[in-house]
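Here the structure is laid out as structure tokens; the discussion comes afterwards.
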Amino acid sequence: MIDSWLNVTFLHKNLAPAGQLLHDALSQKTAVMAFNFVNMEVVHGIISAANEGRRPVILQVSQSAIKYMGMNYLKAIVSAAAEESETPLVLHLDHGSSFEICKLCIDNGFTSVMIDASSLDFEDNISVTRKVVEYAKNFGASVEAELGTLHGIEDEVDTPRQKAKFTDPVEAAIFIEKTGITSLAVAIGTSHGPNKGIRGKAHISIDRLRQIKNEVGEFPLVLHGASSIYEDAVELCNKYGADIRDACGIDDADIRESVKYGIAKINVDTDLRIAFTGAIRRTLETNRSVIDMREYLKESTIAVQAMVTRKFASLP
Ligand code: G3H
Ligand code: 13P
Ligand code: ZN
């Protein structure tokens, strides 16, 4: 379904809902990158890279990121980003756990929300998702939902590997039909955070994704936990005092393959965290007299920009 603008009360006139962008990505056989942010520096890095690469981008916040920044600061940062952005920009709630948090974000001018009721049973997931879709419709905002369960830590909820459940392809088609969502997050083997694999191997099931696409047709699917956890970025962090062990992410080749089978939105948080932290660690370690925050935050902004550019380059 393509979003219709009814009562547009978005935070900023330059912000767009996600629906049209995701459909455009599908038809162009590419995907839109969605990056989590928690401060101004991360947003600076993302917008600089998006302007340079001429790529649309989804800026997304988790509930804990909203708590961390405060809604008013967050909105001010994103309004400024919308002024600076030369490409389409979306403000999206990531992993909203209730109707109320989705409503709060829509009321505050978000152009897209995710209702993550994937821990509920199928019918309850449909019912809360449907309620969010009905509300969002009045504002022209997009709605992402999730079916199946990723393992790993997701906004303070830790799902052990054995409780993770791949998305059922037939259920996916019914779910889309009954809810009227804009996009669907699927569980096909990825997980959040820097440890996505068993014994150094992370694997996404392209087979399962193909089955899902067969059932749902040309519909935007979302890949959560899509960070690549690049070895060089982890090594840089560890060289300057971090202790990131058993790091393992999704190969860029697997990301490109997944785009062939309907993945239209790719969620990345951890790759930016590693880039940001590595740059700060290196600056503080190599210049011990630094006390001006701008000295190291400038480096981390540049590192985020470079990482976002690297993520764009990984797309087909
Ligand atoms: O999906 C989870 C994201 O990586 C956000 O994590 O709740 O620590 O901000 P966070
Ligand atoms: P990563 O932890 O792989 O970056 O995934 C982020 C994510 O899916 C946010 O919703
Ligand atoms: Zn996620």
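Worth a mention:
- Checked against the criterion of being without any contact (Cβ under 8 Å) to a residue 24 or more places away in the chain, of a type in the set (Gly, Ala, Ser) and surrounded by fewer than 21 Cβ atoms within 10 Å (Cβ to Cβ), the candidates 119, 127 yield just one match: 127.
- Residue tally, condition over 21 Å from residue 305 (Cβ atoms) and free of Cβ contacts under 8 Å to residues at least 40 places away in the same chain, over the stretch 246-274: 1
- Filtered by the rule that a residue be assigned to a helix (DSSP H, G or I) and under 21 Å from residue 254 (Cα atoms), the stretch 25-44 gives 25, 26, 27.
- Screening residue 246 against (1) away from ligand 2 (no atom under 13 Å from the Cβ); (2) within 20 Å of the chain's Cα centre (by Cα) leaves a single unmet condition, (2).
- Candidates 185, 172, 164: the one that is buried (at least 21 other Cβ atoms within 10 Å of the Cβ), out of contact with any Pro (no Cβ under 9 Å at 6 or more places or on another chain), of a type in the set (A, V, I, L, M) and without any contact (Cβ under 8 Å) to a residue 60 or more places away in the chain is 172.
- Boolean, residue 94 is more than 23 Å from residue 259 (Cα to Cα) and of a type in the set (Asp, Glu): no
- For the stretch 198-316, no helices (runs of 4 or more DSSP H) sit wholly inside it while including 3 or more residues that are at pLDDT below 95 and among the hydroxyl-bearing types (Ser, Thr, Tyr).
- Residue in the stretch 117-140 that is in contact with a strand residue (DSSP E or B) (Cβ under 8 Å, 6 or more places away or on another chain) and under 21 Å from residue 272 (Cβ atoms) present: no
- Verdict on residue 233 being within 26 Å of residue 94 (Cβ to Cβ) and more than 16 Å from ligand 3 (Cβ to nearest atom): yes
- Of all residues in the stretch 165-188, those satisfying the criterion of being in a loop (DSSP other than H, G, I, E, B) and either more than 16 Å from ligand 2 (Cβ to nearest atom) or more than 17 Å from residue 260 (Cα to Cα) (or both) are 166, 167, 168, 180, 181, 182.
- Number of the exception - residue 151 against (1) at pLDDT 95 or above; (2) under 22 Å from residue 257 (Cβ atoms); (3) within 15 Å of ligand 2 (Cβ to nearest atom): (1)
- Top-ranked residue in the stretch 91-104 [being crowded, with 24+ Cβ neighbours inside 10 Å and either away from ligand 3 (no atom under 15 Å from the Cβ) or more than 15 Å from residue 36 (Cα to Cα) (or both); ranked as farthest from the chain's Cα centre (by Cα)]: 102
- Taking the stretch 223-233 as the range and being out of contact with any Asp or Glu (no Cβ under 7 Å at 6 or more places or on another chain) and either away from ligand 2 (no atom under 13 Å from the Cβ) or among the polar types (S, T, N, Q) (or both) as the test, the residues that pass are 231, 232.
- Hits in the stretch 54-76 (condition: more than 17 Å from the chain's Cα centre (by Cα) and surrounded by fewer than 17 Cβ atoms within 10 Å (Cβ to Cβ)): 54, 67, 68, 70, 71, 72, 73, 76
- Residue among 225, 249, 180, 217 that alone is closer than 26 Å to residue 124 by Cα, buried (at least 23 other Cβ atoms within 10 Å of the Cβ) and not charged (D, E, K, R): 225
The values are calculated or read from the model by the stated rules, or taken from the named source; none is laboratory data. Owing to the predicted nature of the structure, the values given are computational and were not obtained by experimental measurement. Heads up, the Cβs are rebuilt from the backbone with ideal geometry, glycines too, and the neighbour counts pull from every protein chain shown.
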